[in-house]
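The values are calculated or read from the model by the stated rules, or taken from the named source; none is laboratory data. What you are looking at is a predicted structure, and each value in this text was computed from that prediction instead of being measured. Here the Cβ positions follow ideal geometry from the backbone for every residue, glycine too, while neighbour counts run over all protein chains shown. Areas reflect the complete protein model, heavy atoms only, side chains present, ligands, DNA and RNA absent. Shrake-Rupley method; radii C 1.70, N 1.55, O 1.52, S 1.80 Å.
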Amino acid sequence: MAPRDLLLLLLAAVLLPSSSTADPDVVQDYCVPDTGGRAVPVDPARLPSYPCRSPANLTAADFTSAGVRAAGNFSADTGFAGVSVTPATFPALHTLGMSFARADLSAAGGVNPPHYHPRATETALVLAGRVYAGFVDSGGRVFAKVLEKGEVMVFPRAMVHFQMNVGDEPATVYGSFNSENPGIVRIPATVFGSGIKDGVLERAFGLSPEELRRLEKRFGPPKTKTAEMDD
């Protein structure tokens with residue numbers, strides 16, 4: 001191939017848009033969905049979409065939410081309460097590529113256990129209290145520190161992260177995500193509550209059967225049939 005032809009081929013590869021590697025640009029200011037209308041299957045691989053409501057029928061109330069005004073229900077085991085806000089509960093977020101959440105940690109050791117968001121980076125702002133927070137990168141390095149009120153920490157996409165109240169008063173953290181559906185994978189519940197075969201967990205973590213039973217009792221639901229292929 002001639003050098004000129006090779007150069008043209010490379011330019012085409014760089015400049016031509018690729019539908020498989022990027023989301024399409026939004027072509028309107030916003031789209032508050034009309035969930036009372038008929039769902040339209042935009043793409044077989046995605047959930048159905050709804051037509052946008054007419055901007056003439058929208059008010060400021062459609063763009064406001066009180067979803068994180070109050071804490072959620074606290075876990076007796078961890079002292080953690082979380083409230084997540086996505087387009088499912090706040091329709092104005094639809095097509096804007098973001099969502100947010102409130103996390104509350106009870107005083108003296110309340111913890112948001114290690115977890116990660118497979119589809120989003122998170123920024124966490126401490127609204128009240130003192131919180132030890134951090135994440136672990138793919139090389140196993142921990143980046144963690146105590147955050148005071150008003151400080152922000154970023155948790156890169158798909159990095160395992162955690163938060164713990166190290167103050168004497170309850171703590172509140174506001175998290176924002178660059179995805180409408182960030183997803184969440186909670187490490188303890190995923191490992192010990194998803195039905196992975198006992199032998200795998202015992203060998204991987206050096207656990208005795210009794211220790212494994214104790215962890216499964218705390219983090220896992222009653223055992224159910226798993227989706228496994230026969231050997």
Review point. So which residues in segment 107-133 are open to solvent by less than 50 Å² (accessible area, probe 1.4 Å), assigned to a strand (DSSP E or B) and under 23 Å from Arg157 (Cα atoms)?
Key: Val111, Asn112, Pro113, His115, Glu122, Ala124, Val126, Val131, Ala133
Study note, to complete from the structure: The one condition Val83 fails out of (1) assigned to a strand (DSSP E or B); (2) within 13 Å of the chain's Cα centre (by Cα); (3) in contact (Cβ under 8 Å) with a residue 24 or more places away in the chain is (3)
Check your understanding: Looking at segment 83-106, is at least one residue open to solvent by less than 40 Å² (accessible area, probe 1.4 Å), more than 15 Å from Met153 (Cα to Cα), acidic (Asp, Glu) and in the same structural domain as His161 (by the TED database)?
Key -> yes
Practice item. Considering only segment 134-145, state which residues are open to solvent by 50 Å² or more (accessible area, probe 1.4 Å) and either without any contact (Cβ under 8 Å) to a residue 12 or more places away in the chain or part of a strand (DSSP E or B) (or both). Key: Gly139, Gly140, Arg141, Val142, Phe143, Lys145
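Listed here are the residues, each with its yes/no results for (1) among the basic types (Lys, Arg); (2) at pLDDT 95 or above.
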site	(1), (2)
Lys145	yes, yes
Ala158	no, yes
Met164	no, yes
Gly175	no, yes
Ile196	no, no
Leu207	no, no
Glu210	no, no
Practice item. Among the residues of segment 53-80, write down those that are in contact (Cβ under 8 Å) with a residue 60 or more places away in the chain and of a type outside the set (Val, Ile, Thr). Key: Ala71, Asp77, Gly79
Exercise for review: Collect the residues in segment 66-82 that are open to solvent by 40 Å² or more (accessible area, probe 1.4 Å) and over 15 Å from Ile184 (Cβ atoms), keeping them in residue-number order.
Suggested key: Ala66, Arg69, Ala70, Ala71, Asn73, Phe74, Ala76, Asp77
